[in-house]
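A quick write-up on the structure given underneath.
The values are calculated or read from the model by the stated rules, or taken from the named source; none is laboratory data. Predicted, not measured: the structure shown is a model, and the values here were computed from it. Cβ: placed from backbone, ideal geometry, glycine included. Neighbour counts: every protein chain shown. Heads up: the accessible areas ignore ligands, DNA and RNA and are worked out on the full protein's heavy atoms, side chains in. Shrake-Rupley method; radii C 1.70, N 1.55, O 1.52, S 1.80 Å.
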Amino acid sequence: MLNPLLDATFRIITRERATQLHRLAATLDAEIGLPTLDSDPDKDLFKRNFLLMNALYQLQQEVAEQGYYLQVEAMDIRLSEQSLPSALQTRDPLREYYLDWCNYDTSKEEVNALLGQFWQRYLKVPTLAPQQHNELIQKWQLPNPYSRRQLSKRWRTLAFAAHPDQQGESSAFVQLQHEYEQLKYYAHAEE
């Protein structure tokens, strides 16, 4: 399948030589106007990201044939004039994922799971055993299952009460923040 962002991404990468994923996305949006790809905001974000990463990995393969190397990392996208043949020979699960068009049109549940996994890795939040998760649900007085909106509302209530500015203890507030991050991973998207 031909990626509609391929040519514009190539122009930007060859012009700027180094950028970050969010800046590249903003530049693409400013230059060609990225359309809405899905009515669900999370799926729309996923599909935009998928197209962008797919374009970058396709370009990585193409520029390698010309003696260049395109480094593809979220915070460091860089085109260099030296080929690194071993980089494309090593197995990269992320590259394999984004080059497989079957992953483009994924379900809302899969997108939510991927977003949750991303934030969990990004924030380095450990996963909870089912029993631990149920205990936190009870401690926070949340319904099971709970939505992101219900969790956020409960978080604000508890955080306000435990905040050091409100005569709370800083250790209790920090604990609440940690629990909130863990609970966010399991929250259901709004219907």
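Points to keep in mind about this one:
- Reducing region 128-191 and region 18-42 to their Cα centroids gives an inter-centroid distance of 32 Å.
- Of all accessible heavy-atom area on region 21-103, the percent that carbon and sulfur account for (1.4 Å): 50 percent
- In the chain, the longest principal axis of the Cα atoms and the axis of helix 108-123 are about 80 degrees apart.
- Length gained on full extension, Arg11 to His188, computed as 0.36 nm times the residue gap minus the Cα-Cα distance: 59.8 nm.
- Modelled label reach - Asp76, point 7 Å along Cα→Cβ, region 39-63 residues with backbone N closer than 18 Å: 57, 60
- Angle between the chain longest axis and helix 21-32 axis [Cα atoms, degrees, rounded to 10]: 60 degrees
- Surface exposure of the chain, expressed per residue as accessible area with a 1.4 Å probe, stands at 62 Å².
- Residue-span extension gain [Leu99 to His133] - 0.36 nm each, minus C-alpha spacing: 8.7 nm
- Net length available on complete extension from Ser170 to Asn144 is 6.5 nm, with 0.36 nm assigned per residue and the Cα-Cα distance removed.
- Here's how it looks for Ser147: its modeled amide H is under 5 Å from those of His188, which are all 5 or more places away or on a different chain.
- Accessible area of region 138-179 belonging to carbon and sulfur atoms, whole % at 1.4 Å probe: 50 percent
- In a reduced charge model with +1 at each Lys and Arg Cβ and -1 at each Asp and Glu Cβ, the chain shows a dipole moment near 460 debye about its Cα centre.
- Within region 1-95, the trypsin sites (Lys or Arg not before Pro) that combine a DSSP coil assignment with at most 14 other C-beta atoms in a 10 angstrom radius are Arg17, Arg91.
- With Cα atoms, 0 to 90° folded angle of helix 6-16 axis to the chain main axis: 90 degrees
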